[in-house]
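Novice: Here it is: the structure, laid out below.
Throughout, read-outs are computed from the coordinates displayed, never taken from laboratory work. Remember, it's a predicted structure, so these values are computed and weren't measured experimentally. We place every Cβ from the backbone using ideal geometry, glycine too, and count neighbours over all the protein chains shown.
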Amino acid sequence: MIRVGMVGLGKMGLSHMSIVRAHPEVTLVAACDTMTYLTDVLAKNTGLKGYVDLDKMLAEEQLDAVVIATPSKLHADMVQRALDHGLHVFCEKPFVLDPNDGERLVQLADSKGLVTQVGYHFRFVAAFQEAARIVHAGALGTVHHVRTEAYGPVVLRPKGGTWRSAKGEGGGALYDYACHAIDLVNFVAGVPAAVSGVVRHGVFSRDVEDEVYCSLHFADGASGQLCVNWSDESFRKMSTKVTVWGTNGRLTADRQECQIYLRQAHAALPGTPTGWSVRYTTELSKEVWFYLRGEEYSGQIDYFVQSVKQRRTDGENSFRSALQADRVVSMILADSTGTGSPILGLSSKAPAAKSILERLFG
């Protein structure tokens with residue numbers, strides 16, 4: 001059995017805790033949170049040992065791994081302490097707020113041969129996995145444009161008071177929503193080399209952006225778009241989608257399905273006709289032992305567990321992979337007129353896409 005400690009008992013932490021406790025190959029040993037009310041209630045009703053201090057939990061408990069689900073600004077320091085204790089780490093997204101911290105932590109984990117994973121759960125949605133498989137197999141031909149979108153009803157009135165509404169805490173739509181969409185682009189179509197034309201706009205929030213829009217530019221000349229708005233109540237919950245255009249067709253994938261249009265049949269998709277076809281998540285998904293919020297949440301935890309058992313350090317959603325999303329976020333911040341201010345219109349200093357690529361690649 002793999003002995004796991006939980007760090008952070010907010011919404012995501014409690015979700016992860018439920019899945020970890022139900023996993024047949026895991027023993028949840030202890031949980032750490034600064035809210036003693038939570039740890040006391042858990043101890044009283046489940047017998048789970050609770051800690052307020054992370055260092056004390058790491059020193060006193062015999063752990064194999066930790067799951068970190070704390071506010072974003074705490075990730076780097078907590079991951080560092082877990083790695084220093086020789087523990088495998090699953091960390092909620094985004095990985096870190098400063099890519100320099102991320103690079104240092106990647107190198108530390110690699111040097112110790114530790115398993116790492118970040119909670120970009122959309123990589124475990126079967127429709128997105130199918131989209132990535134189709135693109136990587138070359139079935140769409142040469143990819144020339146990608147569009148990724150994420151919309152939802154998170155901030156629908158002027159508000160504040162939580163870490164998600166504070167810029168210094170890693171809050172805002174960029175870190176909470178856009179990072180998911182960016183990671184999907186990285187997963188399905190490859191990592192953008194540059195961004196331009198960034199718009200970060202506060203609809204209701206005072207200190208952070210509620211909308212993010214920008215152009216993406218790839219080293220091979222392909223283009224892309226990022227469109228994110230977490231103040232859109234026309235969506236009942238978070239809705240994320242990726243669309244890829246290639247010389248042989250197009251696909252669009254969301255949580256429910258992967259729609260494919262082929263100009264010509266392709267050997268990588270036997271039985272798939274020219275024109276439109278649809279593959280549904282329900283048809284593509286593997287059964288999970290425990291369902292909470294979506295099979296992808298159990299899927300990612302099980303993947304982490306199996307990685308720990310196999311000592312698989314180059315698996316899906318590793319720190320190195322998640323760092324690529326953090327770097328794109330940093331490019332978006334840098335393009336926001338160079339000020340880092342979250343409430344902006346179209347950047348007047350955004351260089352043309354051609355000049356960006358010429359500067360990066362000669």
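Novice: I'd like to know which of Gly86, Tyr213, Tyr261 lies farthest towards the positive end of the charge dipole of the chain, counting +1 on Cβ of Lys and Arg and -1 on Cβ of Asp and Glu.
Specialist: Toward the positive end, the furthest listed residue is Tyr261.
Novice: Could you run the Karplus curve 6.51 cos²θ - 1.76 cosθ + 1.60 with θ = phi - 60° over the stretch 240-247 and give me ³J(HN,Hα) per residue in whole Hz, x for Gly and Pro?
Specialist: 10, 8, 10, 10, 10, 10, x, 5
Novice: So, in nm, how far is label Asp314 from label Asp77 when the simple model puts each one 7 Å beyond its Cα toward the Cβ?
Specialist: 3.5 nm
Novice: Of Ala189, Ala178, Ala137, which has the largest mean-square fluctuation in a 10 Å C-alpha GNM of the chain?
Specialist: Its mean-square fluctuation being the largest, the pick is Ala137.
Novice: Where the centroid of each part is defined by its Cα atoms, how far is the stretch 228-294 from the stretch 169-191 in Å?
Specialist: After rounding, the separation between the Cα centres reads 18 Å.
Novice: Name the residue from Thr240, Ala139, Gly197 whose Cα lies farthest towards the positive end of the charge dipole of the chain, charges +1 on Cβ of Lys and Arg and -1 on Cβ of Asp and Glu.
Specialist: Sorting the options by dipole projection puts first Ala139.
Novice: Among Val308, Leu63, Val185, whose Cα lies farthest out toward the positive end of the dipole of the chain, if unit charges sit on the beta carbon of Lys, Arg (+1) and Asp, Glu (-1)?
Specialist: In the chain, that residue is Val185.
Novice: About its Cα centre, how strong a charge dipole does the chain have in debye, to the nearest 20, once Lys and Arg get +1 and Asp and Glu get -1 at the Cβ? Before the final figure, lay out each step's value.
Specialist: On the way: 37 positive and 39 negative charges, 97 e Å.
Roughly 460 debye for the chain.
Novice: Now for a different question. So which of Lys286/Lys309; Lys49/Lys286; Lys93/Lys241 end up more than 24 Å apart, counting from Cα to Cα?
Specialist: Lys49/Lys286
Novice: Only Cα pairs within less than 10 Å get springs; with that Gaussian network setup on the chain, which residue of Glu60, Glu130, Glu283 has the largest fluctuation?
Specialist: Glu60
Novice: A follow-up question, please. What relative contact order, as a whole-number percentage, does the chain give when Cα pairs under 8 Å and 6 or more residues apart are counted?
Specialist: For the chain, the relative contact order is 19 percent.
Novice: I've got another one for you. Could you work out how far helix 179-188 tilts from the main Cα principal axis of the chain, as a 0 to 90 degree angle to the nearest 10?
Specialist: Helix 179-188 sits roughly 60 degrees off the main axis of the chain.
Novice: Need one number: % antiparallel among DSSP beta bridges in the chain, to the nearest 5. Please report the intermediate quantities before stating the final value.
Specialist: Values: 39 of 66 bridges.
Close to 60 percent.
Novice: Would you mind ranking Ser205, Ser215 so that the residue whose beta carbon has the fewest other beta carbons within 10 Å leads the list?
Specialist: Ser215, Ser205
Novice: Given a cut-off of under 8 Å on Cα pairs at least six residues apart, what relative contact order in percent is computed for the stretch 195-254? Walk me through the numbers before you get to the answer.
Specialist: Working: 84 pairs, mean separation 12.8, N = 60.
In percent, rounded to a whole number, it is 21.
Novice: Please give every one of the aspartates and glutamates within straight-line cross-link reach of Lys112, meaning a C-alpha to C-alpha distance under 14 Å, and leave out same-chain neighbours fewer than 8 residues apart.
Specialist: The reachable aspartates and glutamates, counting only those whose Cα sits under 14 Å from Lys112, are Asp64, Asp84, Asp314.
Novice: Express the relative contact order of the stretch 74-191 as a whole percentage, based on alpha carbon pairs under 8 Å and six or more residues apart in sequence.
Specialist: 26 percent
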